[in-house]
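Everything below concerns the one structure shown next.
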Amino acid sequence: MNLKVPVNRINQRMRYAILFAFAALLVSAFGACRMPAKPEIVSTAATPTPQQAATATVEPTPSNDDVFDGNVIVKSEDEWRKQLTQDQFAVLREGDTEPAFHNEYFDNHEHGTYYCAACHLKLFSSEAKFESGTGWPSFFQPVHKKNVIEVTDRQFGMVRTEVQCARCRSHLGHVFDDGPKPTGLRYCMNSAALRFEKD
Ligand SMILES: [Zn+2]
């Protein structure tokens, strides 16, 4: 009899211990289940749906309009004619010069960026625009030297330096060495060759 009592007590303690362990297991199991519930929702939202993923792969990779990457855009003159207005085509593709003081940007003082009207390569910043008094938008430097190319122009019995868009080789205007500091250059551009976008 004396032996049975401690054994029973031990059994009882063990039962409590087992019960406690079971209860602890249950709590931790529920706790563990509850924890991932929230991250699961977050991960569902973060993961693109099959439709989004399909759209992303179908869309063409946006080209880098900031700095010329060396890939020249080649289009037939017919393609350019369809894409551009008559004035834009005359300047950009035929090398015309628009009339002074009768163009869109010569007196534009808004802050922003001037892009190529044919291919949207970034060309000039309003930060580099200055009052030249010529009646054409004038800049002392392009946003990146490699975004424009210079070609010797011997038209009309003058030797001038023509400026073209490096990416689509469209005519933009001319550059002269009578500009202000810090470069001493004057990029005399045609408004029709540019597309201004506010900052
Ligand atoms: Zn261009």
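Points worth noting:
- Ordering of 186-199, 105-118 by burial proxy (mean other Cβ atoms within 10 Å per residue, highest first): 186-199, 105-118
- Label zone at Glu127, where the point sits 7 Å out along the Cα-to-Cβ direction: the range 144-160 residues whose backbone N lies under 15 Å: 144-145
- Each label point was placed 7 Å from the Cα along the Cα-to-Cβ direction; for Asp177 and Arg81 their separation is 4.0 nm.
- Note on His120 and Ile73: the extension gain reaches 15.8 nm, defined as 0.36 nm multiplied by sequence separation minus the Cα-Cα distance.
- Peptides 125-132, 76-83 ranked from most to least packed by the mean count of surrounding Cβ atoms within 10 Å: 125-132, 76-83.
- Cα gyration tensor shape for the range 88-127, rounded if a/c is under 1.5, else prolate or oblate: oblate
No lab work stands behind these numbers, since they all come straight from the coordinates. None of the values given here were measured: they were computed from a predicted structure. Note that we place each Cβ from the backbone using ideal geometry, even for glycine, and neighbour counts take in every protein chain shown.
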